[in-house]
1. Out of all the residues in the range 16-34, is one or more of a type in the set (Lys, Arg) and either in contact with a Phe, Trp or Tyr (Cβ under 9 Å, 6 or more places away or on another chain) or open to solvent by less than 20 Å² (accessible area, probe 1.4 Å) (or both)?
2. Take Val63 and decide whether it is of a type outside the set (Phe, Trp, Tyr), without any contact (Cβ under 8 Å) to a residue 60 or more places away in the chain, surrounded by 18 or more Cβ atoms within 10 Å (Cβ to Cβ) and not in a strand (DSSP E or B).
3. Being of a type in the set (Gly, Ala, Ser), free of Cβ contacts under 8 Å to residues at least 60 places away in the same chain, at positive phi and open to solvent by 60 Å² or more (accessible area, probe 1.4 Å) is the requirement here; does Gly42 meet it?
4. Collect the residues in the range 8-43 that are closer than 23 Å to Ser84 by Cα and under 10 Å from the mean Cα position of the chain (by Cα), keeping them in residue-number order.
5. Let me confirm something: among Thr112, Thr57, Thr96, which residue is over 13 Å from the mean Cα position of the chain (by Cα) and either of a type in the set (S, T, N, Q) or open to solvent by 70 Å² or more (accessible area, probe 1.4 Å) (or both)?
Amino acid sequence: QVQLVESGGGLVQAGGSLRLSCAASRSISSINVMGWYRQAPGKQRELVAAFSSGGTTNYADSVKGRFTISRDNAKNTMYLQMNSLKPEDTAVYYCTMQWYGLGHWGQGTQVTVSS
């Protein structure tokens with residue numbers, strides 16, 4: 001059973017930064033499909049940033065230029081650097097990774113941005 005553990009969420013003022021981490025219990029060096037989603041209260045879960053099978057990165061329009069997705073294969077960890085945070089970024093953030101066509105999700109980490 002693969003486990004994904006997120007960390008790094010918290011409360012931050014608008015304009016501040018946070019870095020989320022997603023540590024996997026197995027090697028990520030051979031996989032390409034992974035990313036971050038978020039879900040705000042009363043809203044559907046939405047894609048924030050992701051690596052695709054072609055090796056490219058994709059970002060939601062609302063976070064382009066502010067968020068950066070990255071990975072460290074040696075640590076089996078994916079990151080989401082979030083800068084210039086806005087109150088509308090407030091949500092539970094989830095990481096997801098896919099091995100052999102099967103997706104796995106973390107438990108989520110709360111990010112709250114105060115105005």
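1. Yes; the residues of the range 16-34 include at least one that is of a type in the set (Lys, Arg) and either in contact with a Phe, Trp or Tyr (Cβ under 9 Å, 6 or more places away or on another chain) or open to solvent by less than 20 Å² (accessible area, probe 1.4 Å) (or both).
2. Taking the combined requirement at face value, the residue satisfies it.
3. yes
4. Arg19, Leu20, Ser21, Cys22, Gly35, Trp36, Tyr37, Arg38 - these are the residues of the range 8-43 that are closer than 23 Å to Ser84 by Cα and under 10 Å from the mean Cα position of the chain (by Cα).
5. Of Thr112, Thr57, Thr96, the one residue that is over 13 Å from the mean Cα position of the chain (by Cα) and either of a type in the set (S, T, N, Q) or open to solvent by 70 Å² or more (accessible area, probe 1.4 Å) (or both) is Thr112.
The values are calculated or read from the model by the stated rules, or taken from the named source; none is laboratory data. Note that the coordinates shown come from a computational prediction; the quantities given were computed from them, not determined experimentally. Methodologically, a virtual Cβ is constructed for each residue, glycine included, from the backbone with ideal geometry; neighbour enumeration extends over all protein chains shown. Calculation scope for accessible area: heavy atoms of the full protein, side chains included, ligands and nucleic acids excluded. Shrake-Rupley method; radii C 1.70, N 1.55, O 1.52, S 1.80 Å.
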